[in-house]
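Inspection log for the structure reproduced underneath, given as structure tokens.
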Amino acid sequence: MEQTIDLIAHAAMRDLRAFTKRTGQPTTLELMDVAPMEHVTEIEIDEEHVTITYNEKITHRYNAKEIAKKEWSYKYNDDPEFVSAIGVVIELARKHLRDMPENAACPPGCAECCSGYEPFVSKADVQRIADHFGISYEVALDEYVVQRPSADGFSVGYLKKVTDDIASQCVFLKGSSSGRYYCGIYSARPHDCGAFTPIGCEDVDVALRHDRAFVPGLPFKRKERGSKKKVRR
Ligand code: SF4
Ligand code: SF4
């Protein structure tokens, strides 16, 4: 039986395990964006040219080997100083290719980003929140979304904040007197929230420890609006 071993993923996984052991930060391979590095096939530098070849795909058909080359090359620069500077940068990048970033995982209880950003929501996100509370799509949209549809119709708006200040906390953010916070609708949170990467995050609450567990409190409880008729599913 043929077995394919993804060597890049394998090496990244090994580095992640060592990093977790050293720092106590939980890590998963999905957190590491290794794909762009996988597809850079060649970088050539001479005195006047920088040529970067990437996304080269090799497919096998019957016994013949067919190479489908998808190339995007940045070529030609008549400033030798600039070209040699690029060379230094590329060498540095190669040298530090496998360095771990400072913050590969959120310290439990951080959630600083739940105040500084506005997660955009799709119709599917709104429906998930509606299902979570057992209310209709329309009620969820009205109560929890600042409606601002995107031009392509994918996003319908962003999650409301506790005040009109866009930098205030997300309506679903819950916190404790210990200064730790958590999402009150974690399993139903928008895709934007789940996909938000902590790698390189500068908003991290540095007072929190990565190796200290935090047990979230009660989930967000929806306040019934007396004046509005709720549609139960
Ligand atoms: S570390 Fe960054 S991404 Fe993670 S919860 Fe804190 S602010 Fe958000
Ligand atoms: S839905 Fe949850 S994860 Fe998303 S911004 Fe609000 S509190 Fe944070």
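Taking amide H positions as placed in the peptide plane 1.01 Å from N, state which residues far from Glu102 in sequence (5 or more) or on other chains have amide H under 5 Å from it.
Gly200
Restricting to Cα pairs below 8 Å that are 6+ residues apart, what does the relative contact order work out to for the range 100-224? Please round to a whole percent.
Relative contact order of the range 100-224: 38 percent.
In whole Hz, what ³J(HN,Hα) sequence does the range 81-97 give by Karplus (6.51, -1.76, 1.60; θ = phi - 60°), x for Gly and Pro?
My calculation for the range 81-97 gives 5, 5, 4, 5, 5, 4, x, 5, 4, 5, 4, 4, 4, 5, 4, 9, 3 Hz in order.
If Ser187, Ser177, Ser150, Ser84 are ordered by their accessible area, calculated over protein heavy atoms with a 1.4 Å probe, which sequence runs from highest to lowest?
Ranked from most to least accessible, the order is Ser177, Ser187, Ser84, Ser150.
Under the Karplus relation 6.51 cos²θ - 1.76 cosθ + 1.60, θ = phi - 60°, what is the ordered set of whole-Hz ³J(HN,Hα) values for the range 191-198, x standing for Gly and Pro?
For the range 191-198, the Karplus curve yields 4, 3, 5, x, 8, 5, 9, x Hz.
How long is the gain from Glu138 to Thr28 if the chain were fully straight, where each residue apart is worth 0.36 nm and the alpha carbon distance is subtracted?
Answer, rounded to one decimal: 36.0 nm.
Using modelled backbone amide H atoms (1.01 Å from N, in-plane), which distant-in-sequence or interchain residues come within less than 5 Å of Ser155's amide H?
For Ser155, whose amide H was placed from the backbone, the distant partners under 5 Å are Ser150.
Quick one: which residues, 5+ away or cross-chain, put their amide H under 5 Å from the amide H of Thr41? H built at 1.01 Å from N.
When sequence neighbours closer than 5 places are left aside, the close amide H contacts are Thr53, Tyr54, Asn55, Glu56.
In terms of solvent-accessible area of protein heavy atoms at a 1.4 angstrom probe, what is the ranking of Cys183, Cys170, highest value first?
Cys183, Cys170
Which net charge results when you count Lys and Arg as +1 and Asp and Glu as -1 among the other residues whose beta-carbon is under 12 Å from that of Gln25?
+3
The values are calculated or read from the model by the stated rules, or taken from the named source; none is laboratory data. Computed from a predicted structure; not experimentally measured. Note that each Cβ is placed from the backbone with ideal geometry, even for glycine, and that neighbours are counted across all protein chains shown. Accessible surface areas use protein heavy atoms only, side chains included; no ligands, DNA or RNA. Shrake-Rupley method; radii C 1.70, N 1.55, O 1.52, S 1.80 Å.
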